[in-house]
Amino acid sequence: MKWEFKSGIPIYLQIISLLKMKIAAGELPPGSQVQPVRELAMEAGVNPNTMQRALTQLEQEGLLYTQRTSGRFVTEDKQVLKEMRKSLSEQYVKDLFEALSKIGMNREEIIEAVSSFESTDEKEA
Amino acid sequence: MAVVVCNNLTKRYGKKTALQNVNLNLEPGRIIGLAGPNGSGKTTMIKLMQRMLVPTEGQVLIQGKEPGPETKAVVAYLPDRDFLPDWMKVSALFGLYQSYYADFDRAAAERMIASLGIDQNQTFKKLSKGTREKVQLILTMSRKAQVYLLDEPIAGVDPAARDYIIRTIISNYNPEAMVLISTHLIADIEAVLDEVIFLKEGRIVLHENADDLRTKVSMSVDEYFREVFRC
């Protein structure tokens, strides 16, 4: 996942979403160690203070935890991870509904379109 | 406590006012963007902090002291144009910095130069413009200073060099230090800024936390800059 930032949204919030995506996608697996703040900041091309702010919030949400001597890790708490996935997917569904209602589809039509959708991967399989 | 303070700082060149009643408190541990169009007073402000110019009125204090030899020992300054004796070899420039500045980390500078594949035995003036800018930045950032004053460090370099420069700034500044970066190209550096200052015709029109500003105006700092300074 690339570090790309949109305009008009605080960068620390965008970092939080990106890191959640990385956790959800298994790029940062449960129990794995997170890079030091400065390294992450360099990779993302952002201010280390901004990165620190994002990591602190993820800690408060229970997705990351710090072990005083060895660094920062991704949680292994299945419940927390499940809830994070749920809230991420809700965001996608919300975006989908917003986009499709803009082109004039109602709720039923959207649900119909989603349930009849076959991804190209599935077809090939 | 603020590491750089400006009190009613004013600079006039004859009848022309370059800087008008500037009041600022800049805190350590911050990367601060000093943004404004050409001629808005950015370079004047930085030069006042280095005592290369003398205020017409008001004052600027660095760690509570007037700029002078004592403050220059803790301030790493990157001018907006080539400033090094260009007949010297890169290795000799390292020696120059080492003899001038007690806080210069030569080993760090040599590592960075080597990682870029720049030949230390090359004469400075024979390097390309982008490489010269990188060498100057490396020399500046290899000091363990309290204050970094970077005047247009990214003007006129290609995007790859710009990314390199930004990474060099992030990875080398001391977290207790304050970095002031002047620029008229905000988009290039806005992701690394804690705070932004907008300078318009010698006056400060905005000084704010970058993420707070994005929330408030629902725009990137760059978009907002274009709106404030629309011609």
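No value in this document is a laboratory result; all are computed from the given coordinates. Keep in mind that what you see is a predicted model, and the values were worked out from it rather than measured. Methodologically, a virtual Cβ is constructed for each residue, glycine included, from the backbone with ideal geometry; neighbour enumeration extends over all protein chains shown.
Based on the Kirkwood approach, the hydrodynamic radius assigned to the protein assembly as shown is 22.9 Å, with every pair of different Cα atoms included.
Taking a straight line from the alpha carbon of residue B:129, these lysines sit under 19 Å away, with near neighbours fewer than eight places off in the same chain left out: B:89. For chain B, the Kirkwood estimate of the hydrodynamic radius, built from every pair of different alpha carbons, is 18.2 Å.
Between residue A:93 and residue B:38, what is the FRET efficiency for a Förster distance of 51 Å, r being their Cβ-Cβ separation, to the nearest 0.05?
0.60
Using C-alpha pairs below 8 Å separated by at least 6 residues, the relative contact order for the range B:117-221 is 21 percent.
Each peptide among A:70-77, B:106-113, B:40-47 gets the average number of other Cβ atoms lying within 10 Å of its residues, and from highest to lowest they stand as B:40-47, B:106-113, A:70-77. Distance between the modelled labels on residue B:108 and residue A:118, one decimal in nanometres: 6.0 nm (7 Å Cα→Cβ projection).
The mean count of C-beta atoms from other chains within 10 Å of the C-beta of residues in B:181-194, rounded to a whole number, is 3. Inter-chain Cβ neighbour count for A:6-19, averaged per residue, equals 4 (cutoff 10 Å, partner chain atoms only).
In chain B, the DSSP beta bridges split such that about 55 percent are antiparallel, to the nearest 5. Converting phi to 3J(HN,Hα) with the Karplus coefficients 6.51, -1.76 and 1.60 and the offset θ = phi - 60°, the range A:109-116 yields 4, 5, 4, 4, 4, 5, 6, 8 Hz in sequence order, with x at every glycine or proline. In percent, rounded to a whole number, the relative contact order of chain A is 21, using alpha-carbon pairs under 8 Å and six or more apart. For the listed residue pairs B:47/B:125; A:94/B:200; B:42/B:144; A:6/B:11; A:6/B:72; A:20/B:216, the alpha carbons are over 31 angstrom apart in A:94/B:200; A:6/B:11; A:6/B:72.
Cross-link reach is defined here as a Cα-Cα straight distance under 15 Å, omitting same-chain residues fewer than 8 places apart; for residue B:16 the aspartates and glutamates meeting it are B:57, B:201.
Could you rank the peptides A:110-119, B:171-180, B:192-201 by their average count of other C-beta atoms within 10 Å per residue, with the highest value first?
By packing density, highest mean first, the sequence is B:192-201, B:171-180, A:110-119.
Computed from phi, the 3J(HN,Hα) profile of the range B:121-134 under the Karplus parametrisation 6.51, -1.76, 1.60 (θ = phi - 60°) reads 8, 6, 6, 4, 6, 7, 7, 6, 4, x, 5, 4, 4, 5 Hz, with x in place of Gly and Pro. In plain terms, the chain from residue B:2 to residue B:98 could stretch by 31.7 nm, reckoned as 0.36 nm per residue minus the Cα-Cα distance. Full extension of the chain segment joining residue A:25 with residue A:61 gains 11.1 nm, where the gain is 0.36 nm per residue of separation less the Cα-Cα distance.
Between amide H atoms placed 1.01 Å from N, distances below 5 Å from residue A:34 occur with A:72, A:73, A:74, all of them 5 or more places distant or on a separate chain.
Averaged over peptide A:46-53, the number of partner chain Cβ atoms lying within 10 Å of each residue's Cβ comes to 6. With bins 5 Å wide beginning at 0, the percent of Cα pairs of the range B:140-231 falling in each bin runs 2, 12, 23, 23, 20, 14, 5, 1, 0. DSSP bridge analysis restricted to the protein assembly as shown gives an antiparallel fraction near 60%, rounded to the nearest 5. Using amide H atoms built 1.01 Å from N in the peptide plane, name the residues 5+ places from residue A:8, or on other chains, whose amide H lies under 5 Å from its own. The list, which skips near neighbours in sequence, is B:219, B:220, B:221. Note that the range B:85-129 carries a Kirkwood radius of 10.9 Å, evaluated over its alpha carbons pair by pair. Each 5 Å bin from zero holds the following percent of Cα-Cα pairs in the range A:11-76: 4, 19, 31, 30, 14, 2.
A compact globular protein would have a Cα radius of gyration near 2.2 N^0.38 Å; the ratio found for chain A is 1.28.
Converting phi to 3J(HN,Hα) with the Karplus coefficients 6.51, -1.76 and 1.60 and the offset θ = phi - 60°, the range A:41-56 yields 4, 5, 4, 7, x, 10, 5, x, 5, 5, 4, 4, 4, 5, 5, 4 Hz in sequence order, with x at every glycine or proline. Across chain B, the mean sequence separation of Cα contacts (distance under 8 Å, 6 or more residues apart), normalised by length, yields a relative contact order of 27 percent. At most 12 other Cβ atoms within 10 Å and a DSSP loop assignment: could you name the GluC sites (Glu not before Pro) in the range A:1-63 that fit? Answer by residue number: A:4, A:27.
For the range A:79-118, take N as its residue count and report Rg(C-alpha) divided by 2.2 N^0.38 Å.
Normalised Rg, Cα atoms only: 1.37.
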